[in-house]
Amino acid sequence: MKPIKTYTLEEAKGTLENYCAYQERCHKEVVKKLQDMRMIPEAIDVVVVHLLNHDFLNETRFAKTYARGKFRVKKWGRKRITLELKKRDISAFNIKEAFKEISEADYLQTFHELAEKKAQIITETNVYKKRKKLADYLLYRGWESHLVYDKVNELF
């Protein structure tokens, strides 16, 4: 059986500095990583405080980066982004700050482009099934229901 790797406090700090420098992380991910490294709760607190003090860990910055990325790359709507940020224990204030990163004009333009593109590739012949498929797709991606249903009615 392979021996379990143990970390000193300094090794853990270095490892987590690299972990956070590679990509923005939320507190929950960092604590999970430290628990996986078999660190005791007191050591976890020390490392998290160190990361916060040296700006490796910043929840507001994480929320902004996450929201921007999921919107631009995956074309998620506000509801889905909010849900995913809440899963990561991000505060309502930071979620609100994150949405300031997405302009209303970009948001609506992306929504219309996504809806029209998806509407063209749905091969269903029955108009009701076609409408349902488009609505389900957009709702799953986290777009607001009033936008979705207005767009579905406009397209079909």
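The values are calculated or read from the model by the stated rules, or taken from the named source; none is laboratory data. Being a predicted model, the structure only gives us computed values, none of them experimental. Please note: Cβ atoms are built from the backbone with ideal geometry, for glycine as well, and neighbour counts cover all protein chains shown.
For Leu83, only one of the following conditions fails: (1) in contact (Cβ under 8 Å) with a residue 40 or more places away in the chain; (2) touching a helix residue (DSSP H, G or I) at 6+ places or on another chain (Cβ under 7 Å); (3) aliphatic (A, V, I, L, M). What is its number?
All conditions pass for Leu83, except number (2).
Going by the conditions given, is Val30 closer than 23 Å to Glu84 by Cα, of a type in the set (Val, Ile, Thr), touching a helix residue (DSSP H, G or I) at 6+ places or on another chain (Cβ under 7 Å) and at pLDDT 95 or above?
So Val30 fits the description; yes.
Can you work out which of the residues in region 117-149 that are of a type in the set (Asp, Glu) and modelled with pLDDT of 95 or more is farthest from Gly77 (Cα to Cα)?
My answer is Asp136.
Hey, any hits in region 51-58 for a residue that's closer than 29 Å to Glu113 by Cα, surrounded by fewer than 16 Cβ atoms within 10 Å (Cβ to Cβ) and not hydroxyl-bearing (Ser, Thr, Tyr)?
no
Among the residues of region 135-146, which ones are without any contact (Cβ under 8 Å) to a residue 60 or more places away in the chain and surrounded by 15 or more Cβ atoms within 10 Å (Cβ to Cβ)?
Hits for region 135-146 are Ala135, Tyr137, Leu139.
Quick check: is even one residue across region 90-97 closer than 12 Å to Arg78 by Cβ and either out of contact with any His (no Cβ under 7 Å at 6 or more places or on another chain) or outside the structural domain of Ala63 (by TED's automatic domain parsing) (or both)?
yes
Looking at Leu57 and the list (1) part of a loop (DSSP other than H, G, I, E, B); (2) within 12 Å of the chain's Cα centre (by Cα), which single condition is not satisfied?
Unmet condition: (2).
Within the set of pairs 6 or more residues apart or between chains, which connect a residue that is among the polar types (S, T, N, Q) inside region 15-35 to a residue that is in a helix (DSSP H, G or I) with Cβ atoms less than 8 Å apart?
Gln35/Ile44
Keeping to region 20-50, report how many residues are surrounded by fewer than 18 Cβ atoms within 10 Å (Cβ to Cβ) and either in the same structural domain as Asn94 (by TED's automatic domain parsing) or not aliphatic (A, V, I, L, M) (or both).
13
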